[in-house]
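Remarks on the structure that follows.
What follows is calculated from the coordinates using simple rules that are stated; it is not laboratory data. Every value quoted in this text rests on a predicted model; they were computed, and no experiment measured them. Using ideal geometry, Cβ is built from the backbone for each residue, glycine included, and neighbour counts are taken over all protein chains shown.
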Amino acid sequence: MKKRSTLFRTLRLAVLFTLLGLAALLYLWNRNIDPRFYRFLETRPGAGLARVMGWDHTFNLPPLDLPESEMTEEELAIKRELEARVLAEQPTHELTLRTGQTLRGSLVSETAHAVTFREQYGAAGELAVTIRRERVQQIVPLDLPIPRVYYRDVLFQKEFPSFVLYRRPPYTIVTDESFFRVEHSIRILERMHRDFLYLFEPVIVQPERGENIQVLFFSDENAYSRYQRAHAPRMESSSGFYSPQLDRLVIFNQISSAQLREARERMDLQERAFRRTATDPEALEALAAWRRDTERNLQRYAEEQTQFTLRHEGAHQLFFTYGVHSTHQAENTWLVEGLAVFCEASRVGLREPDRVSTVKGHARDETLIPLAELLASRSPRGFFVYGGAERVSLAYAQSWSIVHFLMQPQYREGFFDFIRFVRDPANVQAVATRPQIELLAEFLSMSPESFERLWREYIMIRL
């Protein structure tokens, strides 16, 4: 009897120590954002433990669509309203001016001397313009499919009932912003989306998710900040973010920022100070010109910051939405951020002079981040783990240069095979334990030393 009791105690202790060991391993993996931890969360035991521990990782997204018979009366009413609005916004003609500018809307009337054209903006109203005939190059009738309203659109509108929803396939935009400010952003996203599909089609595994890509566009900074704190607490200094859990791009229009208001207030103070000494007409004219230029520069800066965030975070959205990236965070920071920066230019993949200058300058000074170190970097803080702004900026620029190098025709196929390998759950052990530079070089059929040498030659000679 005593021996049996001792055996049971030994077994209990063995089980306890095994559980403690597993708990310690999971803690270590979680702290180091090891892909094995996130892969474990995708299993049934891992999902159960995540619920107990309150770990927010699962992608419990609502279905794209749902039969109307399964919708509530409220949801069905929202859907009908959205369908009517989308139909009313559907353009029937495209008008091209001799300047190359195009307008999409409806042809109200035309005579030998003028054309009246109307653009419809849903809840934001409409704009009708009369254009002299000599300014018009051509008017082409359109036969466009009416954008479909999905169940996910209904839930999006239901979540923000005071905002306006626009369907611009593949994007669904919900916003409290003026349509005229949102329209330019939509065109930026559409252009990036086209470039993305062209370049990265070989590594897309979820093309069906491109049916409904959500964008939440705030004009109110306080409302944006509340939403950001709830869903992206680590990005408190950002003006936008992409959340894989929500599968949603969230943007704040910098034109409405407190920072811009404060800059305008300082400009007003300076103007009043200058006005005390500007008494003659020439001085007053120079002051008015200074005011116009400063206002224009502030406006341009705000727009550029919004567009930069839109492209960078919008790129993250595309890589996750289309399944180029894994759901278990297998990709190291250089790959996630390098691909996003690669998409920041007005056309995806264009040479970025500021990035080139940064990388070349540090290469000449021998102050680049060691390549093996950069490729191995994984941290909840992303590249901010490098500390100061200069080193963080270098990490982004250096990652961009690596991706730019790998996207060259002679390396692209090997690079895409590397992406496929990294995101495959079956390879999580190899991805977590092998040096990233060694793994990447292997897919390029070269040694790590050859890879680094060729990359350095590329940034100094071809970039």
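Of (i) 148; (ii) 238; (iii) 157, which one was derived for volume of the Cα convex hull per residue in Å³ from the structure shown?
(ii)
Out of residues 5 or more away from Phe218 or on other chains, whose amide H comes under 5 Å of its own, with H placed 1.01 Å from N in the peptide plane?
Counting only residues 5 or more places away or on other chains, the set is Ile251, Phe252, Asn253.
Which value at 222 nm does the chain reach when only helices count, each DSSP H run of 4 or more adding -39,500 (n - 2.57), with the total divided by all residues and rounded to the nearest 500 deg cm²/dmol? It would help to have the intermediate numbers written out before the result.
Working: 17 runs with 250 residues, N = 463.
Computed mean residue ellipticity for the chain: -17500 deg cm²/dmol.
Exposure proxy check: Lys79, Lys158 ranked by fewest other beta carbons within 10 Å? Let's see the in-between values first.
Numbers: Lys79 20, Lys158 14.
Lowest to highest Cβ neighbour count: Lys158, Lys79.
Based only on Cα atoms, what Rg/Rh ratio does the range 295-337 have, Rh being taken as Kirkwood's radius? Walk me through the numbers on the way to the answer.
Working: Rg = 14.5 Å, Rh = 12.0 Å.
Radius of gyration over Kirkwood radius for the range 295-337 works out to 1.21.
Between Ala77 and Glu211, how high is the FRET efficiency from 1/(1 + (r/R0)^6) when r is the Cβ-Cβ distance and R₀ = 22 Å? Nearest 0.05. Please report the intermediate quantities before stating the final value.
Working: r = 23 Å, r/R0 = 1.04.
Rounded to the nearest 0.05, the efficiency is 0.45.
Whole Å is fine, so just give me how far the alpha carbon centre of the range 196-217 lies from that of the range 386-434.
Using only Cα atoms, the two centres lie 20 Å from each other.
Run the numbers on the range 178-327 and let me know its relative contact order in percent, using alpha-carbon pairs under 8 Å that are six or more apart.
34 percent.
Filter the DSSP H helices in the chain by two things, a Kyte-Doolittle mean of at least 0.5 and an axial alpha-carbon span of 18 angstrom or more, and list the hits by number.
Working: long enough: 2-31 (43 Å, 0.61); 73-89 (24 Å, -0.49); 179-200 (30 Å, 0.03); 258-275 (25 Å, -1.43); 281-321 (59 Å, -0.97); 389-406 (26 Å, 0.52); 409-423 (22 Å, -0.49).
Qualifying helices, which must be both long enough and hydrophobic enough, are 2-31, 389-406.
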